[in-house]
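All of the numbers you see were taken from the coordinates with simple rules; none came from a lab. Only a predicted model underlies this, so the values are computations on that prediction, with no experimental measurement involved. With ideal geometry, Cβ positions are generated from the backbone for all residues, glycine too; neighbour counts draw on all protein chains shown.
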Amino acid sequence: MARMHNDGRGSSGPDKPVTKKNPRWMDYDEDEVIDLIVKLRKDGKDPSQIGMALRDQYGIPSVKQVTDKKITEILEEEGFGLNIPEDLQNLVDKAESIQDHIEENQKDEEAIRQLELTEAKVRKIASYHRDEGNIPEDWKYERDE
């Protein structure tokens, strides 16, 4: 997905830790990490924001190393699951933002093209999530006109 309609930035990023064991300097056990995840979700943070907060503020490099589960899996078990996956929601929000811009600037042809590209990404990711069972089969993105 990194190269679809991209602007040439590539898909580089950080690597996961080499060892599968928890670092010696980490003071949290599995239950404490789950409690922190639930607390941060109650504060209104998305799963990606929770992961960054755990890394930056609490010094937990990887939730999966500690709990053997992903953050989204923990949230679903605790009853805080998402209606639609975060990546799909972010794309839908971006498309709505571009639509609002186009309503105010109707001659902005570049924005119209970006809306088309973003909607293509929404359809592609929605198809993936439908196949994975993350969203209902009848879920469909429709532009508000």
Cα-based Rg/(2.2 N^0.38 Å) for region 86-132, rounded to two decimals, is 1.23
To the nearest 10 degrees, the tilt of helix 47-57 (Cα long axis) against the first principal axis of the alpha carbons of the chain is 50
The simple spin-label model distance between residue 103 and residue 31, using points 7 Å out along Cα→Cβ, in nm, is 5.0
Between residue 39 and residue 68, the two model label points (7 Å from Cα along the beta-carbon direction) sit apart by a distance in nm of 2.5
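Just list whichever of 70/124; 21/64; 94/124; 16/70 have alpha carbons separated by over 18 Å in the model shown.
Details: 70/124 23 Å; 21/64 11 Å; 94/124 15 Å; 16/70 14 Å.
Beyond 18 Å: 70/124.
Rounding to the nearest 20 debye, state how big the charge dipole of region 86-132 is about its Cα centre with +1 on each Lys and Arg Cβ and -1 on each Asp and Glu Cβ.
Details: 7 positive and 14 negative charges, 50 e Å.
It works out to roughly 240 debye.
Say R0 is 25 Å: what FRET efficiency, to the nearest 0.05, do residue 12 and residue 96 get from their beta-carbon distance? Don't skip to the answer; put the middle values down first.
Details: r = 29 Å, r/R0 = 1.16.
Rounded to the nearest 0.05, the efficiency is 0.30.
Rule-of-thumb check for the chain: C-alpha Rg over 2.2 N^0.38 Å? Let's see the in-between values first.
Numbers: Rg = 18.6 Å, N = 145, 2.2 N^0.38 = 14.6 Å.
The reported ratio for this selection is 1.28.
Tell me the relative contact order for the chain as a rounded percent, counting alpha carbon contacts under 8 Å between residues six or more apart.
On the way: 87 pairs, mean separation 25.9, N = 145.
It rounds to 18 percent for the chain.
Counting only helical runs of four or more DSSP H residues, what would the 222 nm mean residue ellipticity of the chain come to if each run contributes -39,500 (n - 2.57) and the total is spread over all its residues? Before the final figure, lay out the partial values.
Numbers: 6 runs with 79 residues, N = 145.
For the chain, the value works out to -17500 deg cm²/dmol.
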